[in-house]
Amino acid sequence: MPKIDPHEVEVLGAYESGALKSVATKEELVRFKAAARATAIKDRRVNIRLSSGDLRDIQVRALEEGVPYQTLIASVLHRYVTGRLADRPAAGAQERRKTVNRSARTGKFVKTSTATKSPTGVRAQTKGPGKKTELR
């Protein structure tokens, strides 16, 4: 079990003594309770395969957020399907845009170009017959 720091000890003591008071309005509490009930109903199981690196990154992020990693995955999926997941690159990451077209010869989808935008705004683009990558 991880050690708790002095601030956490202080907050825990205040909670246990009843010194903490809610700042939420009654309307907010009703809304929060309804949202908690709606998201707590999990009646389906899903198994997925992830790369080791992605799973490790998810576990690190979940640790930073203070939630189990399965809960973080479920939360991200829920925000995505409800349209509330904001698409923004990580700090220092390059923004990538792929152009995908159907090959006239094979009928399969192929990546025909990739444009990247760095945080400084510089763009690089690859294009041409030697740069095509087949996507499945």
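The values are calculated or read from the model by the stated rules, or taken from the named source; none is laboratory data. All values derive from a computational prediction rather than experimental measurement. Backbone-built Cβ (ideal geometry, glycine too); neighbour counts: all protein chains shown.
Restricting attention to segment 13-28, the residues that are modelled with pLDDT under 90, closer than 28 Å to A74 by Cα and surrounded by 10 or more Cβ atoms within 10 Å (Cβ to Cβ) total 1. In segment 1-28, which residues are under 26 Å from the mean Cα position of the chain (by Cα) and part of a helix (DSSP H, G or I)? Passing the criteria: only E28.
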